[in-house]
1. Using a simple spin-label model with points 7 Å from Cα along the Cα→Cβ vector, what separation in nm is obtained for SER25 and ALA45?
2. Could you work out how far apart the two model spin labels at ALA65 and ARG98 are, taking each label as a point 7 Å from the Cα in the direction of the beta carbon, and quote it in nm?
3. Largest first, please: the extent of the C-alpha atoms of region 28-88 along each principal axis, to the nearest Å.
4. Whenever you get a sec, compute what percent of the accessible area on the chain sits on carbon and sulfur atoms (1.4 Å probe).
5. Dividing the alpha-carbon Rg of region 1-64 by 2.2 N^0.38 Å yields what?
6. Over the residues of region 101-140, compute the C-alpha Rg and express it relative to 2.2 N^0.38 Å.
7. Would you please put 1-14, 35-48 in order of how densely packed they are, using the mean number of other Cβ atoms within 10 angstrom per residue and starting with the highest?
8. Counting heavy atoms of the protein chains only and a 1.4 Å probe, report the per residue accessible area for region 71-118 as a whole number of Å².
Amino acid sequence: MKRYFVAADIAASAERVWALVADASSYADWNSTVDRFEGAFALGATVMLYAKAVPNRPFRLKVKAFEPPRRMVLEGGAPLGLFVGTRRLDVIPQGADRSRFEMEEILHGPLAPLLARFIPDQQPAFDAYAADLKRRVERG
């Protein structure tokens, strides 16, 4: 099992942070790791993420949980659960004008120990996502 995690304290309400996190149509505008995004976040929806790190290869993600304005869980991977990436995004209120954003991804499934070795380190992309989000929300 492989795990990535990032957190950021943001000087904005949880509602403002959530509004950006949950707006898939704007991801390429503020998220420096994304080329484009197709679809909209809703429980049970499937979205397509085109990451700059892997050009021309979309990641097909299923929205497994969508709990505005607090949590979203995305999942993608190989058929039959042989290799699965589960990404959790949380927006945690810290007062009227402060919030904490946390994002965690766990790679799991029977083939995870083998396949995870061939996946480039995703921590820099996680760090960039959180920094981009913080910058965009605090800028207004």
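1. The modelled label-to-label distance comes out at 1.0 nm.
2. Simple spin-label model gives 2.5 nm for this pair.
3. Cα extents, longest axis first: 31, 27, 16 Å.
4. Exposed carbon and sulfur together represent 56 percent of the surface.
5. So region 1-64 has a normalised radius of gyration of 1.22.
6. Numbers: Rg = 14.0 Å, N = 40, 2.2 N^0.38 = 8.9 Å.
Rg over 2.2 N^0.38 Å, computed on Cα atoms: 1.57.
7. On the way: 1-14: 16.4, 35-48: 14.6.
Highest to lowest by the protection proxy: 1-14, 35-48.
8. Numbers: 2480 Å² over 48 residues.
In whole numbers, region 71-118 has 52 Å² accessible per residue.
The values are calculated or read from the model by the stated rules, or taken from the named source; none is laboratory data. As the structure is a computational prediction, the values presented were derived from the model and not from experiment. Backbone-built Cβ (ideal geometry, glycine too); neighbour counts: all protein chains shown. Each accessible area value is taken on the protein alone, full model and side chains, heavy atoms only, with ligands, DNA and RNA left out. Shrake-Rupley method; radii C 1.70, N 1.55, O 1.52, S 1.80 Å.
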